[in-house]
DNA sequence: GTTATATTTGAACATATGTTCATATACTAA
DNA sequence: TTAGTATATGAACATATGTTCAAATATAAC
């Protein structure tokens, strides 16, 4: 605990002027801290579920694979806007696609997102 | 299926110019559709997990209740910024607080968010 | 009362986000 | 090849978001 200065009661002020009341709790949190890259990855997945329109399309995909124009019709988005969203989801490996002629069918890559959706649905009416 | 016009193969163009390739899939999705308000509520919860800093603070709270200034120290946010975030989380009933003297201790309201975090952590290294 | 600590609040600001529009590409059928 | 359908892409735009800063409030100690 070098470079710390007690200021009152339990409060401590460290070398870079960060106020800390419970050094034990902060240290404990730091010890269990997740690597920054993992944190970013996790956050970006949650973020994809954090938009009502995208949530709606993902809920639909958790039931059935669907093509761009059906997803657009279902959500009320333009096909262009839907395509943009699907690209982001594909870039994050949340969604995959298969081609059948002119039509691209999108579906969820794995159970990750459906698991998250399931928990969300269980708690909607809390 | 009134007000629809076949244009080629299976494609259909309805009265308000929405292109639909698989009416069955769209209808099925519509049938299982979630009320708009529920969708918004679900999305706003996920959205709270969708920011790296907020995710970090929520992961910390899932281990231990913590006060504003400790959370600020842990995440690297200013105490003001942390307070703003905690207010949003409180407004969404994700977080609650108890006072002990001058200090406010924040903690998760229920298992909803910890369940979501657990699933997220299980899939980080996919 | 005054002073110090812990937290909150509102306005301002820069950046991120979701959508639109116009255009490009990919595939199919004639 | 030409025309039609399905999807993708990039730039532009308005709105949302997260942070900062200055100032306010709440509790405690003196």
Subject >> Close pairs (6 angstrom Cβ cut-off, 6 or more residues apart or separate chains): within 9 Å of another protein chain (Cβ to nearest Cβ) and under 18 Å from residue A:108 (Cβ atoms) in segment A:68-82, assigned to a loop (DSSP other than H, G, I, E, B) and within 7 Å of DNA strand D (Cβ to nearest atom) anywhere >> reply: A:70/B:21
Subject >> Residue match in segment A:30-46 (condition: within 11 Å of DNA strand D (Cβ to nearest atom) and in the same structural domain as residue A:117 (by TED's automatic domain parsing)) >> reply: yes
Original post:
List pairs: first in segment A:9-35 and under 23 Å from residue B:62 (Cα atoms) and within 15 Å of DNA strand C (Cβ to nearest atom), second in a strand (DSSP E or B) and modelled with pLDDT of 80 or more, Cβ under 6 Å, 6+ apart or cross-chain?
Top reply: A:21/B:67; A:25/B:66
Original post:
Would you call residue B:125 outside any helix (DSSP H, G or I) and either at pLDDT 95 or above or facing another protein chain (nearest Cβ under 10 Å) (or both)?
Top reply: yes
Original post:
Within segment B:24-67, can you find the residues that are surrounded by fewer than 19 Cβ atoms within 10 Å (Cβ to Cβ), more than 8 Å from every other protein chain (Cβ to nearest Cβ) and under 20 Å from the mean Cα position of the chain (by Cα)?
Top reply: B:35, B:37, B:53, B:62
Subject >> Verdict on residue A:71 being at pLDDT 95 or above, within 13 Å of DNA strand C (Cβ to nearest atom) and touching a helix residue (DSSP H, G or I) at 6+ places or on another chain (Cβ under 8 Å) >> reply: yes
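The values are calculated or read from the model by the stated rules, or taken from the named source; none is laboratory data. Since the model is a prediction, treat every value here as computed from it, not as a measurement. When we count neighbours, we look across all protein chains shown, and the Cβ atoms used for this are built from the backbone with ideal geometry, even at glycine.
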